[in-house]
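Working notes, structure below.
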Amino acid sequence: MGGLTMNTRVNPDFEKELQKYGKGNWNECFHCGNCTAICPLSEDGFLFPRNSIRTLQMGLEKKLETSIEPWLCYYCGDCSETCPRDANPGELMMALRRYLTTRYDWTGLSKKFYTSAVWEYAAIAIIALLVIVSFLVFLPLRPDAALMVNESGGVMINSLVAGVSPDRFVTLIEYGDWLMAVIVGGLLITNIFNMYYKTIIADKTVKIPLSAYFKEFWQLIYNFVTQASFSKCEKRSYWLGHLLLMTGYTIMFIIVVVFLPYFQIEEVVPVWHWQRLLGYYATFGILFFLGIVIFQRLRKNPITMKFSHASDWIFIIMLALTTLTGIILHIFRLAGMVEATYYTYIIHLAVLVPMIVIEVPFSKWSHLAYRPFAIYFSKLKLATLKEKSVRKLAPAIS
Amino acid sequence: MNSSSENGNEFHQKVHPDTLVIGAGIAGIQASLEIANAGYKVYLVEKSGTIGGHMAMFDKTFPTLDCAACILTPKMVEVGQHSRIDLLTCSEVTEVNGYPGAFKVKIHKKARFVDQQLCIGCGSCAAKCPGKAPSEFDSGTALRKAIYIPFPQAVPNKYLIDPESCLYMQTDGKKCGVCVKFCPVNDCIDLHAMDEELNIEVGNIVIATGFKIFDAKKVARFGYGKFPNVLTSLELERLINAGGPTEGKITFRTKDKKGNWVFKPDGGAPDSVAIIHCVGSRDENCNAYCSKVCCMYSLKLAHLVKEKLPATAVYEYFIDMRAFGKGYEEFYQRIKKEGVHMIRGKTAKIEEIKGSLKLRSEDILNNRIIEQLADMVILAVGLEPSDGVKQLSEMIGVEIDANGWYKELDSLLDPVGTARQGVTIAGVCQGPKDIPDTVAQASAAAARVLQSIESLKEVEFI
Ligand SMILES: Cc1cc2nc3c(=O)[nH]c(=O)nc-3n(C[C@H](O)[C@H](O)[C@H](O)COP(=O)(O)OP(=O)(O)OC[C@H]3O[C@@H](n4cnc5c(N)ncnc54)[C@H](O)[C@@H]3O)c2cc1C
Ligand code: SF4
Ligand code: SF4
Ligand code: SF4
Ligand code: SF4
């Protein structure tokens, strides 16, 4: 789909440019249609991945830039596995998602991060350094920190810094959280609006009635929470792994940003307490996913893991470091190791903060928002098409 | 291999006038007849129990829809009766020595267990035989006995025993032996007959070992071997053939009393048939090459289904329609006019739903997904080199390409010669091709052989 009129300018070098975002022999495709037919998520109105390959081969950059299809693909790899030309159509959808992320981002940073690993490393290092320096300068370890152990032997984590009361400390961290959330959220929201503009407003072929926005709204929530589309893929284990990661990550994110005062507390709560259980679930989910993904990426098998973009490894490493420092922090705390707890806490934040600030608005994590919105937008478009009965619903042959 | 020094002045050697032809499909038959009719002796070595190859299995041939048997049977009979053709069935070449112009060839001739001279072809033996196996000639659509004749027009028109399915041979003579009792001719059946080794000398060798069809089970998502009514094209050829297991009716695969899946005349007819092109061809996951004949034979099969069952809907799912020869494009247009639905887009997968087959494909020209129900699906399987080409090529000292097809000397100027003098290739063994091209190449190979004998030209030793 997509307005044909405005999207017909040809960029003959586009294929070459896209190779920076993912690797595939996309020019090898001879349009047998196998991939689109085997794709469990492709449906009338939103046919992919073959249509995207065709558009790419024709160099219609604008048309791809305004397409929703890449977000509807969950990269199960079925299409690439069975493609008779080894053209790797699934990886094209992945590359397009990376590319689109850079297009939605108005700051231009995303493009820098995706096309140059050096830029991304540098950005991570700068933010990490900022975190470490602010701690050491403004919130240093208090001289009598060794005493800050509660009756069960655990470190009283909020009482470690000099000159700041425990309550104040939590509040400070919370402010930091909120500041980060506002920056990240603000960027993400503007990016989503950009996406909305490119995929919906700029597409003059469909006019979406206001009512549809409300009618289809549940899709947004539903798809975000359940990743229902993914479960259509035949490989259910992929869906499960992805769901574990997604829920684990989101839970952690919400706890840390919204419920910090309840989470980061002085006493050590019993193991079956909700916050410890949630924390363990999240940690397990993330670790489980990480283990599988690292193994698969190193083996380059299944086909979806054959090509790893630099951003994939950075994401994995950052997530692994965050999780590991989190676990170590937890252990040090329980063991009553005061200094170790303090420094691990700083390192933990020095990994976590850049990961969120860079990944969420500019890189891989943004898909957490783009994907449900894309599904929402696609339903909006489908709804209008159905209403106008443009959609050739009944195949002539059945 | 430089035997010139030993032979001294005989470096220039007269070519032995006899010729060995390996494989007796239409290519081998054509080459043998051309050479034999020119006055020279031919040893025609065929692996199976009859000559004819794949062409003998078809009812009609594209694009003229000529009756295959009407063209082939007279040639087969001529081969069988020819005084200058020594036909060796159930035989394979096991050793090739010597040099061009004077090859020394060893042939392993398996026992047929039925005397070729004495058998009168009455079939009394087979009527009583308890041993059964899927019929090779019927492409497994029906069963044959352990003592059998591949098909009524087989050449030689004599019975033979397949040791694999014979109870007597499988039990070391403890069971059965019934055929011997019922055979009206004395000493005709010898259940203890032995294989033979033959040594011959020939001046030239023609390789015409043809092809085997792609094993459709390898593409698991089409469900061949799992869903009974997913068929290969060769199976459908046998159903359509009046001499086949269903007497020419297109019917469903059903279970017989013993639990074997077979086709019977009363199996019920499909209301819709879908044909999927390029199965096992043009695919990096199996064979990257185009098998060249399957587009055309699919059109032929679509026509024949329509002819037999006019009310049945026929669909063809293709990537590109390759109608490359004289009269072929016209044939394609004709079949379209007959009401066969042509869909550009290869089916991706087949599921079975309540006995019906659901195909999911992209209809590329109409920008939509088609989920279609069909009663029967035909897989247009590609062609692959027949078994044993590697050993044979090494034995003879000729090359095969990465796909296993014999390498011609020059694809433009010498498509029948090989890098080894005195060895020519004909038919599909050199690469996928249809019958007209096969016959043309076989005649060309024969001409090359005759030239080398007639001119009394010396060959160089290689
Ligand atoms: C389903 C189907 C339908 C077709 N329909 C048509 C059609 O309508 N028109 C058309 O023009 N073409 C058609 N073709 C193509 C046609 O079958 C071939 O062009 C033709 O059969 C090639 O003949 P051949 O002699 O080269 O090979 P084959 O027919 O395969 O004969 C080879 C012979 O060699 C024997 N052999 C193999 N290896 C050895 C060995 N090591 N030693 C001794 N013998 C050996 C085999 O047993 C066989 O008898 C069709 C093909 C298929 C699969
Ligand atoms: S399966 Fe491969 S060759 Fe076929 S349309 Fe898709 S990408 Fe192209
Ligand atoms: S990777 Fe899976 S979901 Fe994505 S286009 Fe291919 S088949 Fe569809
Ligand atoms: S011995 Fe028995 S099983 Fe074997 S061919 Fe004769 S009748 Fe058949
Ligand atoms: S001849 Fe047609 S069906 Fe056969 S491989 Fe070539 S394109 Fe495919």
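The values are calculated or read from the model by the stated rules, or taken from the named source; none is laboratory data. Owing to the predicted nature of the structure, the values given are computational and were not obtained by experimental measurement. Cβ placement follows ideal geometry from the backbone for every residue including glycine, while neighbour counts extend to all protein chains displayed. Protein only, heavy atoms only, side chains kept; ligands, DNA and RNA dropped before computing areas. Shrake-Rupley method; radii C 1.70, N 1.55, O 1.52, S 1.80 Å.
Observations on the structure shown:
- Environment charge of residue A:72, counting only residues whose C-beta is closer than 15 Å and scoring Lys/Arg +1, Asp/Glu -1: +1
- Computed packing ranks the peptides A:327-339, B:18-30 as B:18-30, A:327-339, most packed first, by mean other Cβ atoms within 10 Å.
- Remark: the Cα gyration tensor places the protein assembly as shown in the prolate category, a/c being 1.5 or greater and a/b exceeding b/c.
- Normalised by residue number, the volume inside the convex hull of the Cα atoms of region B:214-383 is 119 Å³ per residue.
- Solvent-accessible surface (1.4 angstrom probe) belonging to residue B:172, in square angstrom, nearest 10: 130
- Overall form of chain B per C-alpha gyration tensor (a/c, 1.5; a/b vs b/c): oblate
- Near residue A:252: Cβ cut-off under 14 Å, other residues only, Lys/Arg at +1 and Asp/Glu at -1. The net charge is -1.
- Computed FRET value (nearest 0.05) for residue A:190 with residue A:138, which takes r as the C-beta separation and R₀ as 30 Å: 0.50
- Within the listed set A:97, A:142, A:371, the residue fluctuating most in the Gaussian network model of chain A (springs between alpha-carbon atoms under 10 angstrom) is A:142.
- At the residue level, residue A:351 shows approximately 20 square angstrom of accessible surface with a 1.4 angstrom probe and all protein chains present.
- Descending semi-axes in whole angstrom, ellipsoid equivalent of region A:117-382, from the Cα gyration tensor: 37, 21, 19
- Comparing the full protein assembly with the isolated chain, the residues of region A:16-46 losing at least 40 square angstrom of accessible surface (1.4 Å probe) are A:30, A:32, A:34, A:37, A:38, A:44.
- Ratio of the Cα radius of gyration of region A:107-182 to 2.2 N^0.38 Å, where N counts its residues: 1.51
- Note that region B:124-182 shows a convex hull volume over its alpha carbon atoms of 78 Å³ per residue.
- Global geometry of region A:202-269, whether rounded, prolate or oblate, following the gyration tensor of its Cα atoms and the 1.5 cut on a/c: oblate
- Quarter of the Cα convex hull surface for region A:257-328, i.e. its orientation-mean projected area (nm²): 6.1
- Per residue, the accessible area of the protein assembly as shown comes to 43 Å² when a 1.4 Å probe rolls over the protein heavy atoms.
- Helix-derived mean residue ellipticity, 222 nm - over chain B, DSSP H n ≥ 4, -39500 (n - 2.57), to 500: -6500 deg cm²/dmol
- Nearest-ten-degree value, helix B:435-454 long axis tilted from longest Cα axis of chain B: 0
- Expressed as a whole percent, the accessible surface of region B:214-383 that belongs to carbon and sulfur atoms is 49, based on a 1.4 Å probe.
- Across chain A: Cys residues that no other cysteine approaches within a C-beta distance under 4.7 Å: A:29, A:32, A:39, A:73, A:83
- Filtered trypsin sites (Lys or Arg not before Pro), region B:231-302: DSSP coil and at most 13 other beta carbons within 10 Å: B:257, B:258
- Solvent-accessible surface ranking, highest first, for A:46, A:284 at 1.4 angstrom: A:284, A:46
- Around the amide H of residue B:370, modelled in the peptide plane, lie the amide H atoms of B:361, B:362, B:363, all under 5 Å away and 5 or more residues distant in sequence or on another chain.
- Applying a length cut-off of 24 Å (Cα extent along the axis) and a mean Kyte-Doolittle floor of -1.0 to the DSSP H helices of chain A leaves A:117-138, A:166-196, A:236-258, A:274-299, A:310-335, A:338-362, A:367-387.
- Model label points for residue B:242 and residue B:354, set 7 angstrom from Cα along the Cα-to-Cβ axis, are 3.9 nm apart.
- Association of chains B and A removes close to 2200 square angstrom of accessible area from solvent, both sides included, for a probe radius of 1.4 Å.
- Enclosing the Cα atoms of region A:243-299 in their convex hull gives a volume equal to 85 cubic angstrom per residue.
- Cβ-defined net charge surrounding residue A:100, 12 Å radius [Lys, Arg +1; Asp, Glu -1]: +2
- Spin-label proximity, residue B:171 to region B:109-144 - amide N less than 19 Å from point 7 Å beyond Cα toward beta carbon: B:125-133
- With the cut-off at under 14 Å, measuring from each backbone N in region B:136-168 to a point 7 Å along the Cα-to-Cβ line of residue B:109 picks out B:156.
- Within the accessible area of chain A (1.4 Å probe), percent carbon and sulfur: 69
- Remark: accessible surface ordering of A:93, B:194 (largest first) is B:194, A:93, probe radius 1.4 Å.
- Among A:71, A:119, the order of accessible area from largest down is A:119, A:71, computed with a 1.4 Å probe on protein heavy atoms.
- Building the convex hull from the alpha-carbon atoms of region A:14-104 and averaging its projection over directions returns 5.0 nm².
- Filter on A:198/A:381; B:47/B:128; A:23/B:218; B:292/B:346; A:16/A:62; B:292/B:407 - keep pairs with C-alpha separation over 20 Å: B:47/B:128; A:23/B:218
- Dipole magnitude of region A:117-382 about its Cα centre (Cβ charges: Lys, Arg +1; Asp, Glu -1), debye to nearest 20: 1480
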